[in-house]
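The values are calculated or read from the model by the stated rules, or taken from the named source; none is laboratory data. The structure displayed is predicted, hence computed values, not measured ones. Reconstructed Cβ throughout: ideal geometry from the backbone, glycine too, with neighbour counts over all protein chains shown. All accessible areas refer to the heavy atoms of the entire protein, side chains included, with ligands and DNA or RNA removed. Shrake-Rupley method; radii C 1.70, N 1.55, O 1.52, S 1.80 Å.
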Amino acid sequence: MNELFSALSRTLSPYYAEMSIMLMATILVVYGDIINSHIKRILAPYHFILRVSLFVVLCAFGYGALTLYGAPFLHHIIAYLPWKYQGAGFVFAFMFIGFLAERRRYI
């Protein structure tokens, strides 16, 4: 079993940075509507132009910043696992996000 985990980590290790970005993007897709609904509630009493402007800023810079700074954070978290389990950690994280998406009826 350890050889399987080691082989998976060896195969995926060149792509950990990209997989971290993919994982962060997947989290934002699954939970972005919750963020948007909170922002919508906060911005509801303001003028249309201000609401649109802040929404654009949120989408362009907020989600961009979450992706740019959240992906290395996820990579850092996975790096706490022993090397042979890091590949399985990424696979488990994607499966877990898929499970959470299923519970939110995204699939």
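Hey, can you tell me all the residues within region 65-77 that are surrounded by 12 or more Cβ atoms within 10 Å (Cβ to Cβ) and among the small types (Gly, Ala, Ser)?
Those that are surrounded by 12 or more Cβ atoms within 10 Å (Cβ to Cβ) and among the small types (Gly, Ala, Ser): Gly70, Ala71.
In region 6-33, which residues are exposed (fewer than 14 other Cβ atoms within 10 Å of the Cβ) and modelled with pLDDT under 90?
Asp33
Taking only pairs six or more apart or across chains, which ones have beta-carbon atoms under 8 Å, a first residue in region 62-77 that is closer than 10 Å to Met24 by Cβ, and a second residue that is part of a helix (DSSP H, G or I) and β-branched (Val, Ile, Thr)?
Short answer, once both residue conditions are applied: Thr67/Ile21; Gly70/Ile27; Ala71/Ile21.
Quick one: count up the residues across region 78-107 that are open to solvent by 100 Å² or more (accessible area, probe 1.4 Å) and without any contact (Cβ under 8 Å) to a residue 12 or more places away in the chain.
Qualifying residue count for the region: 7.
Quick check, is Arg51 under 24 Å from Arg105 (Cα atoms) and open to solvent by 80 Å² or more (accessible area, probe 1.4 Å)?
No; evaluated as a whole, the condition is false for this residue.
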